[in-house]
Amino acid sequence: MSSSVLLMSVSVDGFIAGPNDQPGNPGGDGFMRLHKWYEGPDGEFGRPEGPAGEIWDELNDTGAVVVGRRTAEQVDYYGGDHHGVPIFVLSRQPAPAAAQKYETVTFVTDIESAMAQAKAAAGDKDVLVHGAYTAQKALEAGVLDELQLDQVPVLFGRGLRLFDVLPQQIELEVARVIDTPAATHIRYRVRH
């Protein structure tokens, strides 16, 4: 059975985006610092060497994506192609013209339906979850199974926090830790 997995790079102080996070500057100022661990052996963005490469492989083996509208808009809906899988956008508003041109992008109004549709589309593969708001809603609804947090050794001090507002305390259990000089990769299971 598939799991829904939030995959986010995060600063030690809990930020997933820097200041000035907006269209035209997705992720805000300094955002790429959170993703330097994704550098491959040639210094290009891609599969990192060593044990962190396993996380890249898992990301690219997911069968669907659930993402919030704000995140999706900032990256132009991944150009309609997030490693060749269906993309479900959580939004209370109808799809804008910019999204309608992508056949793989589906707008869904509630997190439970978005996750159910994504899991059906993913089959036996996991569902990749992106976005702070979407993660918070999925946790609140009890439909987020795991968190893959890649903690980068940097303090942003400001920007967008991953878990700014949660309705209650949520217990996690550590499933795996991969420690590298570029980041500490911790996979948690959500205790439902």
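The values are calculated or read from the model by the stated rules, or taken from the named source; none is laboratory data. Keep in mind that what you see is a predicted model, and the values were worked out from it rather than measured. Using ideal geometry, Cβ is built from the backbone for each residue, glycine included, and neighbour counts are taken over all protein chains shown.
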Checked the stretch 93-126 for anything among the acidic types (Asp, Glu) and buried (at least 21 other Cβ atoms within 10 Å of the Cβ); matches are Asp126
Tell me the residue from Val143, Val65, Val89, Val129 that is in a loop (DSSP other than H, G, I, E, B), modelled with pLDDT of 95 or more and either touching a helix residue (DSSP H, G or I) at 6+ places or on another chain (Cβ under 6 Å) or surrounded by 19 or more Cβ atoms within 10 Å (Cβ to Cβ) (or both), please. Val143
For residues that are within 20 Å of Lys137 (Cα to Cα) and at pLDDT 95 or above, tally how many sit in the stretch 94-121. 16
Kindly list, by first and then second residue, each pair from a residue in the stretch 45-59 that is within 14 Å of Thr184 (Cα to Cα) and in contact (Cβ under 8 Å) with a residue 40 or more places away in the chain to a residue that is surrounded by 15 or more Cβ atoms within 10 Å (Cβ to Cβ) and of a type in the set (Phe, Trp, Tyr), limited to pairs with Cβ atoms under 8 Å and residues at least 6 apart or on different chains. Pro48/Trp37; Pro48/Tyr38; Pro48/Trp56; Ala52/Trp37
Give me the pairs: first residue in the stretch 112-126 and closer than 19 Å to Ser91 by Cα, second residue part of a helix (DSSP H, G or I), beta-carbon distance under 7 Å, and six or more apart or on different chains, which are they? Glu112/Ala141; Met115/Ala138
Can you tell which of Val10, Val75 is over 29 Å from Arg191 (Cα atoms), under 13 Å from the mean Cα position of the chain (by Cα) and in contact (Cβ under 8 Å) with a residue 24 or more places away in the chain? Val75
